[in-house]
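**Student:** I'd like to ask you about the structure that follows.
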């Protein structure tokens, strides 16, 4: 396939701070003072669409942004795309991955809820992505990088949400953490063991999206806080839908700062974050809003995340995951061939077990349990 070429405005060397100093490849164009200049270096030279987009980033994005052309690269060298900058390419790879598709059948908070409108791990991921893109766009940071990190941040999540994660953490001698498993997923589990070969910046953002993480880019920091904003927002929404909480349950000291409706709180979080972070080499909230968000998160942990209505079945889910781990540990021959190839490459048996069970959807894990332990004549 022939590369796609395009001509766009390019800054004159040494005049990157002046918005009126443009030239097109192979063309003369007037500067702000009326003088004509010639692009001698680029005259007759064609530029790919990717290169033109990279230059647009340099022109438009904040100096604090992560620029595609300045990426630290991939684990394996590969030919660049002639259309897509590296972070956009990573976003596309994640979106087309099997692990991303599986998120649609993985628990967010409520285990197999009776209703069509409860969040799943995939809808959570999409809400994180949308919040993060809104913030990045307002701050003139790299939307492609933000979206890639957001779409990939939970690829390593287990069936049954954090209940599944706790179960694997308990039984695996190497431990289990979904953020680390997300990186492992994109590095060695996808594409039949080849991995997606993502850029360092995307992998760093995925690795460090949890509260104790420290992303190396502002884009990664946006996703880290957008994750909290998203689950605080939608978990409250789902709790109201389930009849566990009411808007009026939120303490007045919190509502007075960030609003007394779902929409007003989400709007307040994002506006405050953008306003406080503008022209800063950091992503942060104002002190009053950050404190209110912390208190609301604590409120949800006390009244939702430990609520027996929402979480009463989690012990059963944990037991199911532990049982599958024990069973397949004794019958490794039943694992698909991809997982045997991982062990042939030196991956420990226990980690491979986590790879297999952790990748399951809720439905698949239940189906495997029933296949192993429930007589066929008992199936409804």
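The values are calculated or read from the model by the stated rules, or taken from the named source; none is laboratory data. All values reported here derive from a predicted model rather than from experimental measurement. In this analysis, Cβ positions are derived from the backbone assuming ideal geometry, glycine residues included, and neighbour counts consider all displayed protein chains.
**Student:** Could we say that residue 82 is surrounded by fewer than 20 Cβ atoms within 10 Å (Cβ to Cβ) and part of a loop (DSSP other than H, G, I, E, B) here?
**Tutor:** Criteria met by residue 82.
**Student:** Here are the criteria: (1) surrounded by fewer than 22 Cβ atoms within 10 Å (Cβ to Cβ); (2) in contact with a helix residue (DSSP H, G or I) (Cβ under 7 Å, 6 or more places away or on another chain). Tell me which single one residue 241 does not satisfy.
**Tutor:** (2)
**Student:** Now for a separate question. Could you please let me know if residue 318 is buried (at least 16 other Cβ atoms within 10 Å of the Cβ), at pLDDT 95 or above and in a loop (DSSP other than H, G, I, E, B)?
**Tutor:** Here the answer is no, as residue 318 does not meet what is asked.
**Student:** List pairs: first residue in region 339-352 and in contact (Cβ under 8 Å) with a residue 24 or more places away in the chain and outside the structural domain of residue 173 (by TED's automatic domain parsing), second residue outside any helix (DSSP H, G or I) and buried (at least 17 other Cβ atoms within 10 Å of the Cβ) anywhere in the structure, Cβ distance under 7 angstrom, at least six positions apart or on different chains.
**Tutor:** Going by the 7 Å Cβ cut-off, the qualifying pairs are 350/172.
**Student:** Can you name the number of the only condition in (1) farther than 24 Å from residue 358 by Cβ; (2) more than 23 Å from the chain's Cα centre (by Cα) that residue 278 fails?
**Tutor:** Looking at each condition in turn, residue 278 falls short on (2).
**Student:** Which members of region 322-343 meet the condition of being buried (at least 18 other Cβ atoms within 10 Å of the Cβ) and more than 13 Å from residue 372 (Cβ to Cβ)?
**Tutor:** 335, 339, 342
**Student:** Inspect region 158-178 for any residue being more than 27 Å from residue 369 (Cα to Cα), in contact (Cβ under 8 Å) with a residue 60 or more places away in the chain and surrounded by fewer than 19 Cβ atoms within 10 Å (Cβ to Cβ) and give the result as yes or no.
**Tutor:** The answer is no, given that none of the residues of region 158-178 is more than 27 Å from residue 369 (Cα to Cα), in contact (Cβ under 8 Å) with a residue 60 or more places away in the chain and surrounded by fewer than 19 Cβ atoms within 10 Å (Cβ to Cβ).
**Student:** Let me ask something additional. Is there any pair with a first residue in region 327-338 that is in contact (Cβ under 8 Å) with a residue 60 or more places away in the chain and a second that is in a loop (DSSP other than H, G, I, E, B) whose Cβ atoms are under 8 Å apart and which are 6 or more apart or on different chains, and what are they?
**Tutor:** 338/192; 338/193
**Student:** Within region 141-162, does at least one residue satisfy the condition of being out of contact with any helix residue (DSSP H, G or I) (no Cβ under 6 Å at 6 or more places or on another chain) and more than 20 Å from residue 284 (Cα to Cα)?
**Tutor:** Looking for residues that are out of contact with any helix residue (DSSP H, G or I) (no Cβ under 6 Å at 6 or more places or on another chain) and more than 20 Å from residue 284 (Cα to Cα), one finds at least one in region 141-162, hence yes.
**Student:** Now, a different point. Does region 248-266 contain any residue that is in contact with a strand residue (DSSP E or B) (Cβ under 7 Å, 6 or more places away or on another chain), surrounded by 17 or more Cβ atoms within 10 Å (Cβ to Cβ) and not in a helix (DSSP H, G or I)?
**Tutor:** No; the residues of region 248-266 include none that is in contact with a strand residue (DSSP E or B) (Cβ under 7 Å, 6 or more places away or on another chain), surrounded by 17 or more Cβ atoms within 10 Å (Cβ to Cβ) and not in a helix (DSSP H, G or I).
**Student:** Could we say that residue 180 is assigned by TED's automatic domain parsing to the domain that holds residue 241, in a helix (DSSP H, G or I) and closer than 21 Å to residue 328 by Cα here?
**Tutor:** Criteria not met by residue 180.
**Student:** State all residues of region 267-291 that are in a loop (DSSP other than H, G, I, E, B) and surrounded by 13 or more Cβ atoms within 10 Å (Cβ to Cβ); if no residue qualifies, say none.
**Tutor:** 283, 284, 285, 286
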